[in-house]
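The values are calculated or read from the model by the stated rules, or taken from the named source; none is laboratory data. Fair warning: this is a prediction, and the values are worked out from it, not measured in the lab. Cβ atoms come from the backbone with ideal geometry, glycine included; neighbour counts cover every protein chain shown. Heavy atoms of the whole protein, side chains included, go into the accessibility calculation; ligands, DNA and RNA do not. Shrake-Rupley method; radii C 1.70, N 1.55, O 1.52, S 1.80 Å.
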Amino acid sequence: MERLIAGARKLGFDLSQQQVDSFQRYYEELVCWNSRVNLTAIVDYGEVQLKHFLDSLTVALCLEDAPYLVLDVGTGAGFPGLPLKLLRSSIRLSLLESREKKTAFLRHVIAVLDLEGVEVITGRAEDFARDPRYRDRFDYVLSRGVARLSTLVELCLPFCAVGGSLVAQRKGDVEGEIRAAAKAVEALGGRVRQVKWVDLDELGERRALLVIGKCVSTPQRYPRRAGIPQKRPLGHTKGEGGRRPLVEDRD
């Protein structure tokens, strides 16, 4: 796990031997299950360390160092949620994934790694965001490449508690995405708080962590029924034409 260890150190995180051993076991289980369940196209040892594990750990740059409730929407094989849990054991983590084969893997690897305070939810965000057990509950909601931003905020912000944040991992034309999603962010009760750029040679292309705060409760009519946020993104406009939201901090 030398690549992961070195990359994490550049982010300011010194992994313990126990953490490194857990990442190693996570990798072994991922590759084993991937031979019969399509979890990821990336299985090379070095590439998993960087493109899955290290990329996931960048999210911790935007999280406070304290116990909090975290939801990972569209987690797939557990990214970024499980690497964050290995880094910060105090978080209480929920992993939301619609495909049962993937949630079966998640339950297995959680048991293998002996992780406490981790819940696995099988289902769609549009459905569980209306469940009172999950709506307006989480301090942080995470997403890694699930959908365009104007769709993503509708899927994720209803889960955030007022005062909580959506942290979305993005790359490419982030500023254009922000402009295009301005109306959706406002309609869902959010505000863009920060765009934190991540420059690591190990990750290649420059990436950004987009932090959208939940300022007021999301109207009860959102999210719309399953599939609609993807087909008809809320208030979507072309990136160069949308009204620009206030971004409180860019670094």
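Per-structure values
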item: Partners for LYS183 among aspartates and glutamates (Cα-Cα distance below 13 Å; same-chain residues under 8 apart left out); result: GLU154
item: Angstrom value of the Kirkwood radius, inverse mean 1/r, which spans all Cα pairs in the stretch 66-140; result: 12.4
item: Accessible area, probe 1.4 Å, largest first, for residues VAL70, VAL112; result: VAL112, VAL70
item: Too-long pairs where the Cα-Cα distance tops 32 Å, listed order kept, from LYS10/LYS231; LYS101/LYS171; LYS10/LYS214; result: LYS10/LYS231
item: Cβ crowding within 10 Å averaged over residues, with 176-188, 55-67, 95-107 ranked highest first; result: 176-188, 95-107, 55-67
item: In degrees, nearest ten, helix 17-34 long axis to first principal axis of the chain (Cα); result: 80
item: Electrostatic dipole magnitude of the stretch 24-136 [Cβ: Lys, Arg +1; Asp, Glu -1; Cα centre; debye, to 20]; result: 260
item: P(r), alpha carbons of the chain - 5 Å bins starting at zero, rounded %; result: 1, 6, 14, 19, 20, 17, 13, 7, 3, 0, 0
item: Residue-averaged 222 nm ellipticity for the chain, from DSSP H runs of 4+ at -39500 (n - 2.57), nearest 500; result: -8500 deg cm²/dmol
item: Helix 100-112 vs. the chain, principal-axis angle (Cα, 0 to 90°, nearest 10); result: 50
item: Å² per residue, accessible surface of the chain at 1.4 Å; result: 44
item: Share of carbon and sulfur in the accessible heavy-atom surface of the chain [1.4 Å probe, %]; result: 46
item: Residue of GLY164, GLY235, GLY78 that the Gaussian network model of the chain assigns the largest fluctuation, springs spanning Cα pairs under 10 Å; result: GLY235
item: Helix 2-11 vs. the chain, principal-axis angle (Cα, 0 to 90°, nearest 10); result: 40
item: The stretch 96-141 shape via C-alpha gyration tensor axes, a/c threshold 1.5; result: oblate
item: Alpha-carbon spread of the stretch 1-147, three principal axes, descending order, Å; result: 43, 37, 29
